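Below is one structure, written out as structure tokens, with a few remarks after it.
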Amino acid sequence: MKSLFPPPESGDEDGIVCYSRDLNCELLLDAYWHGIFPWPCNEQTILWTSPKMRGVLPIDKFHIPKSFQRELKKHLFEVRIDTCFDDVIDACAFTERKDEEGTWITASIRREYKRFHRLGYAHSFESFDTDGKLAGGLYGILLNRIFIGESMFFRKSGASKAAFCHCTEVLARHGIELIDTQVITNMTASFGAYEIPIQEYLLRLKELRGNTPVPTSLTAFPPKETP
């Protein structure tokens, strides 16, 4: 699959490989397939980036902090898969975040990722509270055995973490080996994420993505077996 982009290793010190005025699903698939992801600076300009260091979380290195293990045992949230992708990405865009102004999830990003979801590449994990209201969640891109996380949000404490734990359990159960977190946050680091050089990441990506991009239905995965 020949890339529409320059080599991912060719980015500047900020990891910017190139920019475009357009955004569509063909560009998104090509970018992720080659280790690049979009970072809009406004509605008119999309920066395509591949940082020199990449945040990753191997599934077999995932661990739940003890403090959150206690929260999970309270069963405060029900986590579902791909039942309201549009609501999740909209919430990621509009939920206020401490020490952040505005959002990189522009109208064009929301539009094209919703299309990307309908094509079977983008997926969401959603936490619902005991009243049945969407309380948190995350979305990302699945390419065979690698899941590329994009964004998450929460309206109730612990909701996005619960979605992340369920996401990792589902991915592990079905042979996905690596979560690409793109950057490291305090939250992802607490679950075991760390940074690797872009060259190492690209080798892992090539190994895990397979030879051909294939849409995947996570909800079609078989249920977890009961012991």
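A few notes on this one:
- Qualifying residue in the range 163-172 (condition: within 25 Å of residue 116 (Cα to Cα), over 17 Å from the mean Cα position of the chain (by Cα) and either among the charged types (D, E, K, R) or assigned by TED's automatic domain parsing to the domain that holds residue 84 (or both)): no
- The test for being within 17 Å of residue 170 (Cα to Cα) and in contact with a His (Cβ under 9 Å, 6 or more places away or on another chain) does not hold for residue 117.
- Residue 127 polar (S, T, N, Q) and surrounded by 21 or more Cβ atoms within 10 Å (Cβ to Cβ): yes
- Criterion applied to 38, 65, 51 was being out of contact with any Cys (no Cβ under 6 Å at 6 or more places or on another chain) and closer than 23 Å to residue 158 by Cα, and the one residue passing it is 65.
- When each of 73, 156 is tested for being of a type in the set (Lys, Arg) and at pLDDT below 95, the lone residue that passes is 73.
- Scanning the range 145-166 for residues that are among the hydrophobic types (A, V, I, L, M, F, W, C) and assigned to a helix (DSSP H, G or I) yields 159, 162, 163, 164, 165.
- Of everything in the range 206-220 that is closer than 16 Å to residue 171 by Cα and modelled with pLDDT of 95 or more, the residue that is surrounded by the fewest Cβ atoms within 10 Å (Cβ to Cβ) is 208.
- In the range 158-173, the residues that are closer than 18 Å to residue 144 by Cα form Cβ pairs under 9 Å with partners that are assigned to a helix (DSSP H, G or I), at six or more places apart or across chains, as follows: 168/59; 170/218; 171/59; 171/218; 172/59; 172/60.
- Consider the range 16-33 and keep the residues that are without any contact (Cβ under 8 Å) to a residue 40 or more places away in the chain and assigned to a loop (DSSP other than H, G, I, E, B). The one that is surrounded by the most Cβ atoms within 10 Å (Cβ to Cβ) is 22.
- Residue in the range 131-148 that is out of contact with any His (no Cβ under 8 Å at 6 or more places or on another chain), without any contact (Cβ under 8 Å) to a residue 40 or more places away in the chain and on the phi > 0 side of the Ramachandran plot present: yes
- Meeting the requirement of 1 or more residues that are within 18 Å of the chain's Cα centre (by Cα), the helices (runs of 4 or more DSSP H) wholly within the range 46-139 are 85-94, 107-118.
- Looking at 59, 36, 46, just one residue is crowded, with 18+ Cβ neighbours inside 10 Å and assigned by TED's automatic domain parsing to the domain that holds residue 145, and that residue is 59.
- Sole residue being within 15 Å of residue 64 (Cα to Cα), outside the structural domain of residue 39 (by TED's automatic domain parsing), surrounded by 14 or more Cβ atoms within 10 Å (Cβ to Cβ) and of a type in the set (Phe, Trp, Tyr), chosen from 154, 191, 147: 191
The values are calculated or read from the model by the stated rules, or taken from the named source; none is laboratory data. Everything numeric in this text was worked out from a predicted model, so none of it was measured. Cβ sites come from the backbone with ideal geometry, for glycine too, and all protein chains shown count toward neighbours.
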